Amino acid sequence: MSSVDVVVTGLGATTPLGGDVASTWDAMLNGRSGVSPLTQEWAGQLSVRIAAQIAVEPSEVIERVRMRRLDRSEAMAIVAAKQAWADSGLEGTGLDPERLAVSFGSGIGGAITLLDQDDILEQSGPRRVSPHTVPMLMPNGPAAYVGLEVGARAGVRAMASACATGAEAVALGLDLIRAGRADVVVAGSTEAVIHPLPIAGFASMRAMSTRNDDPERASRPWDRNRDGFVLGEGAGALILERADHAAARGATVYARLAGAGITSDGYDIVQPDPECKGGIRAMSMAIRDAGLTGADIAHVNAHATSTPAGDMGEVKGVRAAVGDHPVITSTKSMTGHLLGAAGALESIATILAIRDSVVPPTINLDDPDDRLDLDVAAHKARPLDIPAAMNNSFGFGGHNVALVFTRP
Amino acid sequence: MATREEITSGLAEILEEVAGVNPDDVAEGKSFTDDLDVDSLSMVEVVVAAEEKFGVKIPDNEVQNLKTVGDAVNYIEANA
């Protein structure tokens, strides 16, 4: 347990369900799917022709000339971070920029820029390659742009831990404030890789759902007929703030970020440990770090991506680290899997579940896997008193991150 | 062969597309950096687009001499 309390004072998101947090949360509580067919010409040749595409294009929010210089993942990061920043009310409060940091990541980075500019290189030659290519594709690009947007001068950290990126960026933000390196951190993550190459790569691993004729039912965590994840895109951002700093300015506080646990499996580059040993250690560490016990955690927003290999190990892990009492859910059933951005978006869902005393549903859980022996908020949102909740994220590479949020 | 006016208006189109410059602000006396706020990376894009539009080669060591729209018009007029 740390003596420094950290709270969440702002949220922002752009997702397959909506262009902001309010519309995304409303859609989640109503069990809406953000998955749709890919109608682009390039999709025809792929075995996977569905995805959870963003609801509001960044070009509707960011002016045209600026968009030319941004990778799609950077544009979405800016959209989410600007919302969170405005929501926090920090603008104009005289916050010292040297006490403001950024911890923002992406699972894959500027892949679309890399691939598009490679097409230009091949077709038109090197002189036609955009001078904006490097800042568009560099993996620290989203963090750096978010830093420019808010004027952060206490360091701009770029996290990359595949599908655990968003959660690990939040965990790093917690560490930065606890260590006294910043009073406020803009934490989050972004992902924009709905493009034939990444889809073909995941599809070759047989990791993705091919339920092309029924997109809204394709993401079905824990269901017996799940056949892989559905790729999503979007970004989420949280404003983390030292609690006394937030109190001094009378800020509205969503929740406390009470603890984090980070471990690595040391097992396989992509296969999850079927016993979820690393996940159990991360969850236990986060609960201890929060000064709580498993019994205090009323709800878990699970990583559960809808893959045959991944979903059930986490269930074992939650039973071992938390207990058999929490109500669990996978919001990926609605949003698809936002890869690096998942942990940020799902942290937001976990925080709003605490605030509104309701667990968002897991849709499409029509025929639960026999090994699913935990209570899932299936099909419909579930009213629940939630003093504390956990968000899990696991990533290729064996990254495990658990975050514990509590009521302020 | 394009007239000076045609070259200027062609440059204005490029500047609007690449850097969001208002075409009404583009005139021969205007400096790319000081008056039109075109940064060095955008200038690279302007040069490449101008080469294509006017069928001219603008070597990198020439670009530094193109301070104003008029400089660019002169170069294009002389070399196209």
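In table form, for the structure just shown:
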quantity	calculated
Charged-residue dipole, Cβ positions (Lys, Arg, Asp, Glu), the protein assembly as shown about Cα centre, Debye nearest 20	1620
By accessible area with a 1.4 Å probe, ligands and nucleic acids excluded, highest first: order of A:ASP183, B:ASP39	B:ASP39, A:ASP183
Portion, in percent, of the accessible area of the protein assembly as shown that falls on carbon or sulfur, probe 1.4 Å	49
Share, in percent, of DSSP beta bridges within the protein assembly as shown that are antiparallel, nearest 5	65
Within the range A:67-91, backbone nitrogen closer than 16 Å to the virtual label 7 Å beyond the Cα of A:GLU57 toward Cβ	A:67-73, A:75-76
Average projection area in nm² (convex hull over Cα atoms of the range A:234-278, one quarter of hull surface)	5.5
Options A:LEU46, A:ALA207, A:ILE287, ranked by Cα towards positive dipole end of chain A, top entry (Cβ charges)	A:ILE287
Cα radius of gyration and Dmax for chain A (Å)	19.7, 62
Averaged over B:38-51, number of beta-carbon atoms from partner chains that fall within 10 Å	3
Under 5 Å, built H, 5+ apart or other chain: amide partners of A:VAL359	A:ARG382, A:LEU384
Rg/Rh ratio calculated on Cα atoms of the range A:1-133 (Kirkwood radius)	1.04
Euclidean distance of C-alpha centroids, the range A:277-315 and the range B:1-58, integer Å	57
Shielding by partners - mean other protein chain Cβ count within 10 Å, residues of A:60-71	2
J(HN,Hα) series, the range A:272-279, from Karplus relation 6.51 cos²θ - 1.76 cosθ + 1.60, nearest Hz, glycine and proline x	x, 4, x, 8, 6, 4, x, x
Interatomic Cα distance distribution for the range A:1-75, bins of 10 angstrom, percent	16, 31, 33, 15, 5, 1
Unit charges at the beta carbon, dipole of the protein assembly as shown: most positive-side option, B:SER9, A:SER33, A:SER124	A:SER33
Residues with amide H under 5 Å from that of A:GLY259, placed H, sequence gap 5 or more	A:VAL404
Global geometry of chain B, whether rounded, prolate or oblate, following the gyration tensor of its Cα atoms and the 1.5 cut on a/c	rounded
Chain B, dipole about Cα centre (Lys/Arg Cβ +1, Asp/Glu Cβ -1), debye to the nearest 20	280
Options A:VAL230, B:VAL63, A:VAL315, ranked by Cα towards positive dipole end of the protein assembly as shown, top entry (Cβ charges)	A:VAL315
Qualifying trypsin sites (Lys or Arg not before Pro) in the range A:349-390, DSSP loop, other Cβ atoms within 10 Å at most 16	A:ARG371, A:LYS380
Length-normalised contact order of chain A in % [C-alpha pairs under 8 Å, at least 6 apart]	24
Point-charge dipole on Cβ atoms (K/R +1, D/E -1) for the range A:1-82, about Cα centre, debye to 20	220
Relative contact order [Cα under 8 Å, 6+ residues apart], the range B:21-80, whole percent	45
Evaluated over the range A:188-289, the Cα radius of gyration and Dmax, each in Å	18.9, 54
Residue-wise HN-Hα coupling along the range A:62-77, computed from phi with Karplus coefficients 6.51, -1.76, 1.60 (Hz; x: Gly, Pro)	10, 5, 4, 5, 5, 4, 4, 9, 10, 5, 4, 5, 5, 4, 5, 4
Rounded accessible area of A:SER59 (nearest 10 Å², 1.4 Å probe)	70
Sequence-distant residues sharing a close amide H with A:ALA378 (under 5 Å, placed H)	A:THR362
Accessible surface buried once B binds A (1.4 Å probe; total of both sides; Å²)	1100
Backbone HN-Hα couplings from phi across the range A:290-301 [Karplus 6.51/-1.76/1.60, Hz, Gly and Pro as x]	7, x, 10, 10, x, 4, 6, 7, 8, 8, 10, 8
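The values are calculated or read from the model by the stated rules, or taken from the named source; none is laboratory data. Since the structure is predicted, the reported quantities are computational estimates derived from the model, not experimental observations. Virtual Cβ from ideal backbone geometry, glycine too; neighbours counted across all protein chains shown. Surface accessibility is based on the protein's heavy atoms, side chains included, excluding ligands, DNA and RNA. Shrake-Rupley method; radii C 1.70, N 1.55, O 1.52, S 1.80 Å.
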